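Q: Mind looking over this structure? Questions follow.
The values are calculated or read from the model by the stated rules, or taken from the named source; none is laboratory data. If you're wondering where the values come from, they're calculated on a predicted model, not measured in any experiment. Please note: Cβ atoms are built from the backbone with ideal geometry, for glycine as well, and neighbour counts cover all protein chains shown. We work out accessible area using only protein heavy atoms, side chains counted, and drop any ligands, DNA or RNA first. Shrake-Rupley method; radii C 1.70, N 1.55, O 1.52, S 1.80 Å.
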Amino acid sequence: MASAEKSLNAAVVGAAGYVGGELLRLLAGHPQIADLRGYSSSSAGRPWSEAHPSLVNLENRRDFEDLDPEGAGRYADVVFLALPHGQSQQLLGAIEKGGPRLVVDTAADFRLSDRRLAETTYGPHQAPELLGVFA
């Protein structure tokens, strides 16, 4: 984007984990992020800084929100999935139903486009029709 104006809403699903915390840290300081939400089923209602002490000095105190995949997709222009292996493929359909502009998956769920290779490497896939959709 050419403009430095804050213009994107972002969501991190799986925000209480290590990768989720790093994404929160990076996105909270990003000049083009207008608002940021962190979703976590296990930490809903708890402050981000409880799981990630480096976030204690954020300008606005933030709490983890309970996971609502479709709601996250509706809210965010960009949804980051920072979930354990196998969970992204279970949630992607609901997230995309919300209509985000972009979904970024940090797990291996959609890393391979070839179904046979993906299932040989990682086991049965719950959304094989979506393999090859990610860059």
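Q: So how do 63-72, 110-119 stack up, highest first, on mean other-Cβ count within 10 Å?
A: 63-72, 110-119
Q: Shifting gears a bit: Rounded to a whole number, what % of the accessible area of the stretch 1-88 do carbon and sulfur atoms account for, probe 1.4 Å?
A: In the stretch 1-88, the share of accessible area belonging to carbon and sulfur is 49 percent.
Q: Could you sort the peptides 53-60, 30-37 by per-residue average Cβ neighbour count (10 Å cutoff), highest mean leading?
A: Packing order, densest peptide first, comes out as 30-37, 53-60.
Q: Hey, what do the phi angles of the stretch 18-33 turn into as Karplus ³J(HN,Hα) couplings, whole Hz, using 6.51/-1.76/1.60 and θ = phi - 60°, x for Gly and Pro?
A: Calculated HN-Hα couplings, in order: 4, 4, x, x, 5, 5, 4, 4, 5, 6, 4, x, 6, x, 9, 9 Hz.
Q: Here's a follow-up. With a 1.4 Å probe and all protein chains left in place, how much accessible area per residue does the chain have, in Å²?
A: 55
Q: Continuing with this model, one more query. Run the quick spin-label model on residue 90 and residue 25: label points 7 Å from Cα toward the beta carbon, then report their separation in nm to one decimal.
A: 2.8
Q: I'd like the Karplus ³J(HN,Hα) series for the stretch 7-14: coefficients 6.51, -1.76, 1.60, θ = phi - 60°, whole numbers in Hz, and an x wherever there's a Gly or Pro.
A: 9, 10, 9, 10, 10, 10, 9, x
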